[in-house]
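Following: one structure in structure tokens, then a few remarks.
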Amino acid sequence: MAESNTDTKSSNQMWGGRFASGPDAIMEEINASIGFDKKLFAQDIRGSIAHATMLAHQGIISTEDKDKIVHGLNTILSEIESGNFEFSRQLEDIHMNIEARLATLIGPAAGRLHTARSRNDQVALDFRLWVKEELEKTEKMLTGLIAAFLDRAEEHAESVMPGFTHLQTAQPVTFGHHCMAYVEMFGRDRSRVRHAIEHLDESPIGAAALAGTGYPIDRHMTAKALGFREPTRNSIDTVSDRDFAIEFLAIAAITGMHLSRLAEEIVIWSTPQFGFVRLSDAFSTGSSIMPQKKNPDAAELVRAKTGRINGSLIALLTIMKGLPLAYSKDMQEDKEQVFDAAESLELAIAAMTGMVRDMTVNTARMKAAAGSGFSTATDLADWLVREAGLPFREAHHVTGRAVALAESKGCDLAELPLADLQAIHSAITDKVYDVLTVEASVASRKSFGGTAPSEVRKQIAFWRARN
């Protein structure tokens, strides 16, 4: 939106009588926050309406002035939403821009709105409301991502794939089980979001500059009107607290890390060397020079967004780490970090939800890879313990010899002749071949939370009930 060129006299009036002249160009540039905090206009107006309503209820301002203030604020809200509001850089921030416009619309009654509050508790309220709304949005988006994984897990509860440690083939698992690992991860993220909402669910308005106010305000009334559980309990902490913003960024960073791990797997899985999944053109791009290329750019960009989110968290932690109580102007630098991280996180979750639902899974390729690298070696060791009564360490040693023999012959464990296996240990019988297939391997892992299809379906049912 266009910024108006309010004259110096108008700017001085907003600063107050102590200043004989307005800030020079450098001070104006470093001091103004309207370029980014205008994003808080709806929260600022909502808070002001609740504050004015409370002031009138307590007899601090007249009902007539309250009605003028509320009408004027609703008019300003409509102007901003329709794009007809001119933001002034000389008026510094969203609070003073709205207050100045309110004075133009309703006259002297506008001056009564700021009774019993400060910009310190006002911005704390606006920002807290914004972060709360963003957390609620994040919760819904994570629920959608979890639902996408539940659908894929149900579809592939029996689809065998290699499980990895150190990115080396370890044991066979099912793709459904692998999907459910991400359900657990994003479920923890959603739980952190819910806890963060609970932590910040206190109303700052009424703390004033830092000491509270002598006016007979009702902070419980404004807290209820704004959807908070209760008012904050210490006015100094209230205006100096940005824990809610830092907690949001920490959650965003952890969630972004999970998204990045998933993105990395999609990048690897979609290579011709793996060929486990394929993304449609909706989430891929081509090469400007190599016509055969199909690049998983959406996944790569999700992976990169994590770096931006991490940077925002470190920036705000650094801003806050040396501040004495209570409010300092340093805290003006909090919002851009949160706004940027929120935008990055929203985009990353939306993109990943789309990719999970979009990708084609090559179950044949996964199954073929699941049997590579002697992935059923542990099943052989377990069989020796269970059927032959060997101590696990001895069974581990016997299995290692069998793997070495199969490797030297260029075959899988299941392809070794029985005579070769019995030459390694006489207790081995032909029943061992029942556990050396990848299907038998995954079916046997029936421990709670294991990869057996029956267990995967139990966990899907559990998560569907709570999602």
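Results, tabulated for the structure shown:
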{"read-out": "Scan of the range 370-391 for residues that are hydrophobic (A, V, I, L, M, F, W, C) and either over 41 Å from the mean Cα position of the chain (by Cα) or within 17 Å of Asp151 (Cβ to Cβ) (or both), ordered by number", "value": "Leu380, Ala381, Trp383, Leu384, Val385, Ala388, Leu390"}
{"read-out": "Any pair with Cβ under 9 angstrom, 6 or more apart, that starts in the range 448-467 at a residue that is within 15 Å of Tyr182 (Cα to Cα) and ends at one that is modelled with pLDDT of 95 or more and of a type in the set (S, T, N, Q)", "value": "Gly449/Gln459; Thr451/Thr174; Val456/Thr174; Asn467/Thr143"}
{"read-out": "Set Thr138, Thr143: member being at pLDDT 95 or above, out of contact with any Cys (no Cβ under 7 Å at 6 or more places or on another chain), of a type in the set (Ser, Thr, Tyr) and crowded, with 21+ Cβ neighbours inside 10 Å", "value": "Thr138"}
{"read-out": "Test for Ile197: is it in contact with a strand residue (DSSP E or B) (Cβ under 9 Å, 6 or more places away or on another chain), of a type in the set (A, V, I, L, M, F, W, C) and closer than 30 Å to Leu129 by Cα", "value": "no"}
{"read-out": "Some residue of the range 104-113 being open to solvent by 10 Å² or more (accessible area, probe 1.4 Å), modelled with pLDDT of 95 or more, within 30 Å of Ala452 (Cα to Cα) and aliphatic (A, V, I, L, M)", "value": "no"}
{"read-out": "Pair list, Cβ under 7 Å, 6 or more apart: the range 38-59 residue among the hydroxyl-bearing types (Ser, Thr, Tyr), other residue modelled with pLDDT of 95 or more and not in a loop (DSSP other than H, G, I, E, B)", "value": "Ser48/Leu73; Thr53/Lys66; Thr53/Ala225"}
{"read-out": "Criterion violated by Leu317 - all others in (1) touching a helix residue (DSSP H, G or I) at 6+ places or on another chain (Cβ under 7 Å); (2) not in a helix (DSSP H, G or I) satisfied", "value": "(2)"}
{"read-out": "Meets criteria (at pLDDT 85 or above and open to solvent by 30 Å² or more (accessible area, probe 1.4 Å)) for Gln422", "value": "yes"}
{"read-out": "Of the criteria (1) open to solvent by 70 Å² or more (accessible area, probe 1.4 Å); (2) closer than 30 Å to Thr213 by Cα; (3) among the aliphatic types (A, V, I, L, M), which one Leu316 fails", "value": "(1)"}
{"read-out": "Candidates Ser82, Ser88, Ser78 - the one that is of a type in the set (Gly, Ala, Ser) and at pLDDT below 95", "value": "Ser88"}
{"read-out": "Qualifying positions in the range 241-267 - farther than 22 Å from Val193 by Cα and touching a residue at least 40 places away in the same chain (Cβ under 8 Å)", "value": "Ile266"}
{"read-out": "Close pairs from the range 343-354: first open to solvent by 10 Å² or more (accessible area, probe 1.4 Å), partner of a type in the set (A, V, I, L, M, F, W, C), Cβ under 7 Å, at least 6 apart", "value": "Glu346/Met141; Ala350/Met141; Ala351/Ala298; Ala351/Val302; Thr353/Leu145; Thr353/Ala148; Gly354/Phe283"}
{"read-out": "Breaking point among (1) of a type in the set (A, V, I, L, M); (2) more than 17 Å from the chain's Cα centre (by Cα); (3) in a helix (DSSP H, G or I), for Ala116", "value": "(3)"}
{"read-out": "Flag if Arg101 is part of a loop (DSSP other than H, G, I, E, B) and surrounded by 15 or more Cβ atoms within 10 Å (Cβ to Cβ)", "value": "no"}
{"read-out": "Selected residue [touching a residue at least 12 places away in the same chain (Cβ under 8 Å), within 23 Å of Ala368 (Cα to Cα) and open to solvent by 70 Å² or more (accessible area, probe 1.4 Å)] from Glu439, Glu415", "value": "Glu439"}
{"read-out": "Cross-chain or 6+ apart pairs with Cβ under 8 Å, the range 378-397 first and touching a residue at least 60 places away in the same chain (Cβ under 8 Å) and among the small types (Gly, Ala, Ser), then open to solvent by less than 60 Å² (accessible area, probe 1.4 Å) and outside any helix (DSSP H, G or I)", "value": "none"}
{"read-out": "Among (1) closer than 22 Å to Gln332 by Cα; (2) surrounded by fewer than 21 Cβ atoms within 10 Å (Cβ to Cβ); (3) modelled with pLDDT under 95, the one test that Ala42 misses", "value": "(3)"}
{"read-out": "Enumeration of residues in the range 397-412 that are within 23 Å of Ala368 (Cβ to Cβ) and either open to solvent by 60 Å² or more (accessible area, probe 1.4 Å) or of a type in the set (Asp, Glu) (or both)", "value": "Glu407, Ser408, Lys409, Gly410, Asp412"}
{"read-out": "One residue from Ala350, Ala369 being touching a helix residue (DSSP H, G or I) at 6+ places or on another chain (Cβ under 8 Å) and closer than 30 Å to Leu167 by Cα", "value": "Ala350"}
{"read-out": "Of all residues in the range 329-369 being among the acidic types (Asp, Glu) and at pLDDT 95 or above, the one that is farthest from the chain's Cα centre (by Cα)", "value": "Asp340"}
{"read-out": "Phe283 being more than 26 Å from Leu135 (Cβ to Cβ) and of a type in the set (Phe, Trp, Tyr)", "value": "yes"}
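The values are calculated or read from the model by the stated rules, or taken from the named source; none is laboratory data. The shown structure was predicted, so the numbers you read here are calculated from the model rather than taken from an experiment. No Cβ is skipped: glycine too gets one built from the backbone with ideal geometry, and neighbour counts run over all protein chains shown. Only protein heavy atoms, including side chains, enter the accessible area calculation; ligands, DNA and RNA are left aside. Shrake-Rupley method; radii C 1.70, N 1.55, O 1.52, S 1.80 Å.
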